[in-house]
Amino acid sequence: MVESIAATSLLGHRPICGGNLTRDVSVKRKSLNTVRFPTTEFLGGGRIVVSLALPKSDKQDRFVFSSIKALAVELTREAHAYREEKLPNRDTKIDRGFDQRPDSWPPANRADKPSLRNPLLRHERMGCGWLGAIFEWEGVLIEDNPDLEKQAWLALSQEEGKPSPPAFILKRIEGMKNEQAISEVLCWSRDPAQLRRMANRKEEIYQSLQGGIYRFLSGSKEFVSVLMHYKIPMALVSTRPRKALESAIGEIGIEDTFSVIVAAEDVHRGKPDPEMFVYAAQLLNFIPERVIVFGNSNLTVEAAHEARMKCVAVASKHPVYELGAADLVVRRLDELSVVDLKNLADIEMTEFGSVEPEMELEVEKDYGSSSVDDNFW
């Protein structure tokens with residue numbers, strides 16, 4: 001009632017609180033120690049300001065102290081609840097896709113799992129188990145004859161009654177799937193059944209020309225043996241059909257070498273699309289930055305870098321100076337060591353993170369005080 005009187009007074013004064021303002025948490029109301037209300041009374045032509053004060057008592061002091069304590073406890077609980085909501089969830093899985101933003105590097109890897117209670121297993125994975133290797137088949141592990149591929153395409157064009165593809169077209173379709181090359185580059189057909197039939201026929205012609213003879217490229221067998229000794233997971237990718245690829249692997253005796261084999265049936269597109277390499281890295285359970293691709297062409301380098309992988313180019317088909325875009329260029333795989341692979345797979349580098357450039361401070365040059373001859377003027 002006093003508050004309403006003060007609010008509707010002629011001078012429009014609000015209540016002036018002269019004490020500690022507290023809030024009772026239990027009943028949600030305000031309590032005041034001392035409240036003074038300026039009231040105005042008119043006597044003749046003058047006015048008198050009267051202040052009313054509520055006296056303090058020990059009981060009120062104890063009530064105020066308990067209210068402050070309850071408010072502090074409530075604020076403390078809210079602060080702890082806010083902190084618990086902001087804590088990250090340790091069970092959250094990290095996206096291993098190649099389009100992950102670089103501001104979260106280095107991402108977690110299976111070698112960094114804190115759930116590994118066995119120290120020997122953790123030590124083994126921290127040794128070489130945190131990086132993976134993806135190999136191409138022809139021109140990297142085995143000898144490749146690019147003329148056989150061209151002859152197979154020319155023979156298929158004659159059988160189908162199509163014009164013979166020129167040399168620049170044959171160079172353009174290198175590394176592509178047969179269906180992709182026939183439909184997108186050669187433009188012979190768009191029918192899925194016809195594409196499948198011509199792709200299978202082209203592979204039959206190639207296998208007949210090749211004769212089923214496979215030879216290791218110089219240094220490749222020794223290098224693969226070193227990776228197997230250090231238990232580095234390996235994958236094999238190729239645009240050849242799986243049946244022909246598994247038959248060739250069994251022919252040279254490396255059936256148990258590769259943990260993952262990605263063939264033409266597993267992907268939709270070949271190089272320079274990075275689909276083969278990304279899928280192989282997912283099957284190996286590695287992030288792309290911890291995977292090294294071994295190829296022999298600039299198409300492989302382009303696909304690997306687009307997938308955020310490192311690439312080692314083997315100069316078996318092209319000269320060394322044409323493969324300068326690769327991270328490393330070698331003539332033989334046995335020129336590499338495990339230390340080289342660790343340095344390549346190390347993602348503690350500026351290209352995988354947003355590192356702010358250092359500011360260069362300009363040093364003021366002291367040219368000295370130029371003396372002017374008095375006779376000059």
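Tabulated data for the structure shown
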| item | result |
| --- | --- |
| Matching entry among Ile182, Ile169 (being surrounded by fewer than 19 Cβ atoms within 10 Å (Cβ to Cβ), aliphatic (A, V, I, L, M), in a helix (DSSP H, G or I) and in the same structural domain as Leu156 (by TED's automatic domain parsing)) | Ile169 |
| Entirely in region 198-308, the strands (runs of 3 or more DSSP E) that have 2 or more residues that are over 24 Å from Gln180 (Cα atoms) and touching a residue at least 24 places away in the same chain (Cβ under 8 Å) | 291-295 |
| Sole residue being within 31 Å of the chain's Cα centre (by Cα), surrounded by fewer than 16 Cβ atoms within 10 Å (Cβ to Cβ), among the aliphatic types (A, V, I, L, M) and within 30 Å of Tyr230 (Cβ to Cβ), chosen from Leu120, Leu141, Leu131 | Leu120 |
| Residue that is modelled with the highest pLDDT [pool: residues in region 306-360 that are exposed (fewer than 15 other Cβ atoms within 10 Å of the Cβ) and among the polar types (S, T, N, Q)] | Ser337 |
| Scan of region 150-165 for residues that are surrounded by 19 or more Cβ atoms within 10 Å (Cβ to Cβ) and not aromatic (Phe, Trp, Tyr), ordered by number | Ala152, Leu156, Pro165 |
| Enumeration of residues in region 225-254 that are surrounded by fewer than 17 Cβ atoms within 10 Å (Cβ to Cβ) and out of contact with any helix residue (DSSP H, G or I) (no Cβ under 6 Å at 6 or more places or on another chain) | Ser225, Val226, Met228, His229, Lys231, Lys243, Glu246, Ser247, Gly250, Glu251, Ile252, Gly253 |
| Failed item in (1) under 25 Å from Ala244 (Cα atoms); (2) touching a Phe, Trp or Tyr at 6+ places or on another chain (Cβ under 8 Å); (3) assigned to a loop (DSSP other than H, G, I, E, B), with Asp144 passing the rest | (2) |
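The values are calculated or read from the model by the stated rules, or taken from the named source; none is laboratory data. Here the structure is a predicted model, which is why all the values come from computation and not from measurement. Positions of Cβ are generated from backbone atoms using ideal geometry, with glycine treated the same way; all protein chains shown enter the neighbour counts.
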